[in-house]
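Okay, so here's the structure we're looking at.
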Amino acid sequence: MPGFTHLPKPVIKLIRYPPQFFYEIGLGSLLGKFVLLLTTIGRSTGKPRVTPLQYEEIDGKIYLGSSFGKKADWVKNILKNPKVGVHLKGTKFTGIVSVIDDSAKIVTFLKIRLERHPKMIGRILRAEGLSIPPSLEALESHAKGMVIVVIEPDLDDQKA
């Protein structure tokens with residue numbers, strides 16, 4: 001299987017530490033253009049779990065993609081508890097999420113990402129086995145099994 005989805009879970013866990021370190025020492029703004037820290041509540045442990053993820057801001061909402069679909073641990077946590085913490089650049093806030101598995105919406109999300117970040121997303125899609133630029137059919141096929149997560153700031157929590 002090409003791309004990143006074949007990496008062992010321990011390797012994937014190691015990849016998340018450098019972004020967390022940058023945010024912890026106050027350099028999140030260096031990564032904040034592409035990476036945020038998402039805090040979910042562990043579905044089994046009840047403990048906070050922090051995951052660095054690439055994101056897109058679209059119409060005031062934060063969009064995250066999961067190439068592992070609903071199998072990703074952070075998505076499983078969200079499905080159990082949709083309230084999350086977000087650390088984006090120098091700002092922290094809470095949000096409520098919705099998980100979308102509609103292939104057409106995922107394709108639209110991928111097109112936006114590719115348009116905004118052609119080199120980075122192009123490399124990722126190429127690593128996942130797609131040609132660049134990908135055909136609509138290739139994107140539709142790639143979107144199957146994926147999900148996108150949409151975070152809306154929890155305005156009630158921000159006022160408290």
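Of all residues assigned to segment 85-94, at least one qualifies as being among the β-branched types (Val, Ile, Thr) and either in contact with a helix residue (DSSP H, G or I) (Cβ under 9 Å, 6 or more places away or on another chain) or over 27 Å from Leu125 (Cβ atoms) (or both).
Here Val107 does not fit the description of being of a type in the set (A, V, I, L, M, F, W, C), touching a strand residue (DSSP E or B) at 6+ places or on another chain (Cβ under 8 Å) and outside any loop (DSSP other than H, G, I, E, B).
So that you can scan it fast, the table gives a plain yes or no per residue for (1) in a loop (DSSP other than H, G, I, E, B); (2) closer than 22 Å to Asp73 by Cα; (3) at pLDDT 90 or above:
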position: Glu115; (1), (2), (3): no, no, yes
position: Arg123; (1), (2), (3): no, no, no
position: Arg126; (1), (2), (3): no, no, no
position: Glu140; (1), (2), (3): no, no, yes
position: Ile148; (1), (2), (3): no, yes, yes
position: Glu152; (1), (2), (3): no, yes, yes
position: Gln158; (1), (2), (3): no, no, no
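Out of the residues in segment 92-137 that are acidic (Asp, Glu) and loosely packed, with under 13 Cβ neighbours inside 10 Å, state the one that is nearest to Lys71 (Cα to Cα). Checking each candidate, the answer is Asp102.
The values are calculated or read from the model by the stated rules, or taken from the named source; none is laboratory data. The structure displayed is predicted, hence computed values, not measured ones. In this analysis, Cβ positions are derived from the backbone assuming ideal geometry, glycine residues included, and neighbour counts consider all displayed protein chains.
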